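The values are calculated or read from the model by the stated rules, or taken from the named source; none is laboratory data. All of these numbers come straight from a predicted model, not from anything done at the bench. We place every Cβ from the backbone using ideal geometry, glycine too, and count neighbours over all the protein chains shown. Note: accessible area is taken over every heavy atom of the protein model, side chains too, but ligands, DNA and RNA are not part of it. Shrake-Rupley method; radii C 1.70, N 1.55, O 1.52, S 1.80 Å.
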Amino acid sequence: MKLAIIPSIIARSQKELEERTHKLSFIKPTYMHLDVMDGTFVKRTSLEFPFIVPKSYACEAHLMVRNPKGWLVKNHAQIDSFIVHYESETHLHECIKLAKHYKKKIGVALNPETDDEDSTQYLKLIDKVLIMTVHPGKYGSPFLPEMLEKIRHIRKLAPKLDIEVDGGVTPETLKLCKHAGANQFVIGSFLQNASDIKVAWNKLKNSLV
Ligand code: DX5
Ligand code: ZN
């Protein structure tokens, strides 16, 4: 499976989005993970303003919102792939159809308390599963080791599907997730709070091998 480290961005203004993406320019990731929060699906907000993604980045949008379908319609032009929560209020099949209509990739995210059995009906229809390894909503929440079993189970059910983990990922927890079967790793605070982002990036890359 192809392995990828994907930095995440939480931003409350265009200025913050630009500052955080500028920070990433020192490590040149191939993909960026944009955390979208509407203040109701999760308490905080992120990318709730009319934002512009800096052109040099391909990005996926992680939609922690009540109405992912509406967001997808409004913002599909500057986004390459979408991740919709199983727990959101939209009919997931409609989001999957819509993303395919726009020729975008689509994934389904599972909150820690969501049983992985619930997602099995979607596995054949989507490009990835995102397993939340924290309770969603902010940078810096503690990694939930109980999620390793969920990763193992989904990997058994879908040997070739991309499995991404999001939340509390550091070089140490990355290794655990990789060993359990994940192949894509979203990184927030470990990069954004690093005093030297290049050193932090190299540590993450070294933990992939
Ligand atoms: C959490 C977001 C994550 C967040 C990860 O709700 O979905 O993508 O940015 O940040 P860390 O790596 O600090 O847990
Ligand atoms: Zn995320």
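Out of everything in segment 25-42 that is touching a residue at least 60 places away in the same chain (Cβ under 8 Å) and more than 15 Å from ligand 2 (Cβ to nearest atom), what residue ends up being farthest from K128 (Cα to Cα)?
Among residues in segment 25-42 that are touching a residue at least 60 places away in the same chain (Cβ under 8 Å) and more than 15 Å from ligand 2 (Cβ to nearest atom), the one farthest from K128 (Cα to Cα) is F26.
Surrounded by fewer than 18 Cβ atoms within 10 Å (Cβ to Cβ) and within 10 Å of ligand 1 (Cβ to nearest atom): does that describe R12?
Working: surrounded by fewer than 18 Cβ atoms within 10 Å (Cβ to Cβ): yes; within 10 Å of ligand 1 (Cβ to nearest atom): no.
No; evaluated as a whole, the condition is false for this residue.
For segment 43-57, name all the residues that are within 16 Å of ligand 2 (Cβ to nearest atom) and not aromatic (F, W, Y).
We begin by selecting, within segment 43-57, every residue within 16 Å of ligand 2 (Cβ to nearest atom); these are 43-48, 51, 53, 57.
The answer is K43, R44, T45, S46, L47, E48, V53.
With the structure loaded, tell me whether I131 is open to solvent by less than 40 Å² (accessible area, probe 1.4 Å), more than 14 Å from ligand 1 (Cβ to nearest atom) and modelled with pLDDT of 95 or more or whether it fails that test. If you could, list the steps in order and put the result at the bottom.
Values: open to solvent by less than 40 Å² (accessible area, probe 1.4 Å): yes; more than 14 Å from ligand 1 (Cβ to nearest atom): no; modelled with pLDDT of 95 or more: yes.
Taking the combined requirement at face value, the residue does not satisfy it.
So which residues in segment 145-166 are surrounded by fewer than 18 Cβ atoms within 10 Å (Cβ to Cβ) and either in contact with a Ser or Thr (Cβ under 7 Å, 6 or more places away or on another chain) or among the polar types (S, T, N, Q) (or both)?
L157
Give L130, L204, L123 a once-over and let me know the one that is more than 14 Å from ligand 2 (Cβ to nearest atom) and farther than 22 Å from E19 by Cα. Break it down stepwise before answering.
Working: L130 fails: more than 14 Å from ligand 2 (Cβ to nearest atom); L204 fails: farther than 22 Å from E19 by Cα.
That would be L123, the only listed residue that is more than 14 Å from ligand 2 (Cβ to nearest atom) and farther than 22 Å from E19 by Cα.
Could you list all residues from segment 152-209 that are among the hydroxyl-bearing types (S, T, Y) and under 14 Å from G140 (Cα atoms)?
Going residue by residue through segment 152-209, those that are among the hydroxyl-bearing types (S, T, Y) are 170, 173, 189, 195, 207.
Scanning segment 152-209 gives T170, T173, S189.
Table: residues versus (1) within 16 Å of ligand 1 (Cβ to nearest atom); (2) open to solvent by 70 Å² or more (accessible area, probe 1.4 Å); (3) more than 22 Å from M147 (Cβ to Cβ).
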{"site": "T45", "(1), (2), (3)": "yes, no, yes"}
{"site": "E60", "(1), (2), (3)": "yes, no, no"}
{"site": "L63", "(1), (2), (3)": "yes, no, no"}
{"site": "K74", "(1), (2), (3)": "no, yes, yes"}
{"site": "A77", "(1), (2), (3)": "no, yes, yes"}
{"site": "Y86", "(1), (2), (3)": "yes, no, no"}
{"site": "G107", "(1), (2), (3)": "yes, no, no"}
{"site": "T114", "(1), (2), (3)": "yes, no, no"}
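Pairs needed: first member in segment 7-24, at negative phi; second member anywhere, among the aromatic types (F, W, Y); C-beta distance under 7 Å; at least 6 residues apart or different chains.
That search, which allows pairs on different chains as well, returns I10/Y139; S13/F49; Q14/F49; Q14/F51; L17/F51; T21/Y57.
Scan segment 167-189 for residues that are open to solvent by 20 Å² or more (accessible area, probe 1.4 Å) and within 6 Å of ligand 1 (Cβ to nearest atom) and jot them down.
Those that are open to solvent by 20 Å² or more (accessible area, probe 1.4 Å) and within 6 Å of ligand 1 (Cβ to nearest atom): G168, S189.
Is there a residue in segment 35-43 that is touching a helix residue (DSSP H, G or I) at 6+ places or on another chain (Cβ under 8 Å), surrounded by fewer than 18 Cβ atoms within 10 Å (Cβ to Cβ) and modelled with pLDDT of 95 or more?
Scanning segment 35-43, I find no residue that is touching a helix residue (DSSP H, G or I) at 6+ places or on another chain (Cβ under 8 Å), surrounded by fewer than 18 Cβ atoms within 10 Å (Cβ to Cβ) and modelled with pLDDT of 95 or more, so the answer is no.
Cβ-Cβ under 8 Å, sequence separation 6+ or interchain: first residue in segment 174-188 and under 13 Å from E164 (Cα atoms), partner at pLDDT below 95. Which pairs?
The qualifying pairs are N183/M1.
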